[in-house]
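Presented below is the structure to which this report refers.
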Amino acid sequence: MSAANSAHSVVEPSLSSKRIAGTIVVLYALITLIPLVWIFLTSIKSPPDSISYPPKIVFTPSLEGYCNLFTTRTRQTPDYIASLPAPVGTCDEVTRKRNMVIAGPSNFLPRFVNSLVIAFGSTFLAVFLGTLAAYGFSRFKIPLADDLMFFILSTRMMPPIAVAIPIYLMYRELGLSDTALGMILLYTAVNVSLAVWLLKGFIDEIPREYEEAAMIDGYTRLQAFRKVVLPQATTGIAATAIFCLIFAWNEYAFAALLTSGEAQTAPPFIPTIIGEGGQDWPAVAAGTTIFLIPILVFTILLRKQLLRGITFGAVRK
């Protein structure tokens, strides 16, 4: 009994160790938040404040970056602007202070919608196909299963640039260049390997006896999969969906190569936002801030499943 107690006392961290670990975690979190906070602060600066040196910490907030992000503007003479009726809305007022008028909407909103459609569409397909494949690898005896699993994983080993030119030529011949369908299929193909490997580990942890008992009660294999396996694999599916979505949402290389207009996503579009005299940094920061919101909301909504999914199977009984 004394030996067990001494072993337990060695494993249990001391109060000071917990405080040190907590302090390190908090400091790390604060450091990682600095770039995000800086991007947000830049988005509410005026163009002169955004490029001032030394950088301004105290400044007058401005929505000019967001207005420039969602609109296109043309420069006009002061006499022409004076002849116009009173400005309608904040963006109209901010634009006229720069001796400019709003000419129309920008292309950011369509590019943002493209990102939503392509990222969530490819994530759904990758998780759906990955779940079926992972269940097959986990429950059935497949010839050369280990070799097939390694082959699936090997598709993630190559950098995107290694296959960019072949995919570009293939898409051009098939008419899939600059199409949402082409990007969804491409991101699905890339993410399926990750989904299969992650979900197979989760499904392996679900006892086969649950399915066998369900099939003894009259369930078919498909019914047992749908009503027994899927509910218990929810945490794994949620964790896999987040990882797949993060890749599809942030992917830049294929989006820059294969899209230019109709299906262009936000990542290759945001860096091209140009203002008078160079890069419009407040507009770029505003686009980046808005671009972070969907993935942040999705992760927060599934944070419990993500935490349980990451630690699932870490402790075996």
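The values are calculated or read from the model by the stated rules, or taken from the named source; none is laboratory data. Nothing here was measured: the structure is a model prediction, and the numbers come from that model. Here Cβ is always computed from backbone atoms with ideal geometry, including for glycine, and neighbour counts include all displayed protein chains. All accessible areas refer to the heavy atoms of the entire protein, side chains included, with ligands and DNA or RNA removed. Shrake-Rupley method; radii C 1.70, N 1.55, O 1.52, S 1.80 Å.
Based on the mean of other Cβ atoms within 10 Å per residue, sort peptides 97-107, 164-174, 78-88, 258-268 so the most packed one is first. Intermediate results must be reported in sequence, preceding the final value.
Values: 97-107: 14.6, 164-174: 12.9, 78-88: 10.1, 258-268: 19.1.
The most tightly packed comes first, giving 258-268, 97-107, 164-174, 78-88.
Whole number in Å², please: accessible area per residue of the chain, 1.4 Å probe, ligands, DNA and RNA not counted.
Per residue, the chain has an accessible area of 60 Å².
Using the 2.2 N^0.38 Å rule of thumb for compact globular proteins, work out how segment 108-269 stacks up: its C-alpha Rg over that value, please.
Details: Rg = 18.0 Å, N = 162, 2.2 N^0.38 = 15.2 Å.
Rg over 2.2 N^0.38 Å, computed on Cα atoms: 1.18.
Once the dipole of the chain is set up with Lys and Arg at +1 and Asp and Glu at -1 on Cβ about the Cα centre, which of Leu116, Leu302, Pro282 lies farthest towards its positive end?
Leu302
Starting from the Cα-Cα distance between Phe59 and Thr32, subtract it from 0.36 nm times their residue separation and give me the gain in nm to one decimal.
7.4 nm
Within 10 Å, count the other beta carbons around each residue, average over each peptide in 18-31, 233-246, and list them highest first. List each step's numbers first, then the result.
Values: 18-31: 10.2, 233-246: 21.8.
Averaged packing, sorted descending, gives the order 233-246, 18-31.
Where nothing but the Cβ of Lys and Arg (+1) and of Asp and Glu (-1) is charged, how large is the charge dipole of the chain around its Cα centre, in debye to the nearest 20?
Computed about the Cα centre, the dipole is about 620 debye.
What are the radius of gyration and Dmax of segment 65-171, computed over its Cα atoms and given in Å?
Here Rg and the maximum Cα pair distance are 25.8, 80 Å.
State the cysteines of the chain left without a partner when partners are defined as other cysteines whose beta carbon lies under 4.7 Å away.
Cys244
So what is the relative contact order of the chain, in percent, for Cα pairs below 8 Å that sit 6 or more residues apart?
Result for the chain is 26 percent.
Could you give each residue of segment 257-264 its phi-based ³J(HN,Hα) in whole Hz, using Karplus coefficients 6.51, -1.76, 1.60 with θ = phi - 60°, and x for Gly or Pro?
7, 9, 10, 8, x, 4, 10, 4
Apply the membrane-span-like helix rule to the chain: whole DSSP H runs, Cα extent along the own long axis of at least 27 Å, mean Kyte-Doolittle hydropathy at least 0.5. List the helices found.
Those that pass (Cα extent of 27 Å or more, hydropathy at least 0.5) are 15-43, 108-139, 180-204, 281-301.
So what are segment 162-230's ellipsoid semi-axes, whole angstrom, largest first, if each one is the square root of 5 times an eigenvalue of the alpha-carbon gyration tensor?
Result for segment 162-230: semi-axes of 40, 14, 8 Å.
When ranked by the protection proxy of mean other Cβ atoms within 10 Å per residue, highest first, what sequence do the peptides 128-140, 289-301 form?
Highest-to-lowest ranking by the protection proxy: 128-140, 289-301.
Could you pull the Cα extents of the chain along its three principal axes, largest to smallest, in whole Å?
So the extents along the principal axes, rounded to whole Å, are 86, 62, 39.
How much of the pair distance distribution for segment 36-106 lies past 21 Å, counting alpha-carbon pairs only, in percent?
It works out to 32 percent of all Cα pairs.
Roughly how many debye, to the nearest 20, is the charge dipole of segment 165-302 about its Cα centre, given +1 on each Lys and Arg Cβ, -1 on each Asp and Glu Cβ, and no other charges?
About 220 debye.
I'd like to know which of Ala86, Gly261, Gly236 lies farthest towards the positive end of the charge dipole of the chain, counting +1 on Cβ of Lys and Arg and -1 on Cβ of Asp and Glu.
With unit charges placed on the Cβ atoms, the residue in question is Gly236.
Can you give me the long-range amide H partners of Thr71? Hydrogens built in the peptide plane at 1.01 Å from N, cutoff under 5 Å, separation of 5 or more residues or another chain.
Correct list: Ser106.
222 nm [θ] for the chain, helices only, -39500 (n - 2.57) per DSSP H run of 4+, per residue, to 500?
Estimated from H runs of four or more residues: -21500 deg cm²/dmol.
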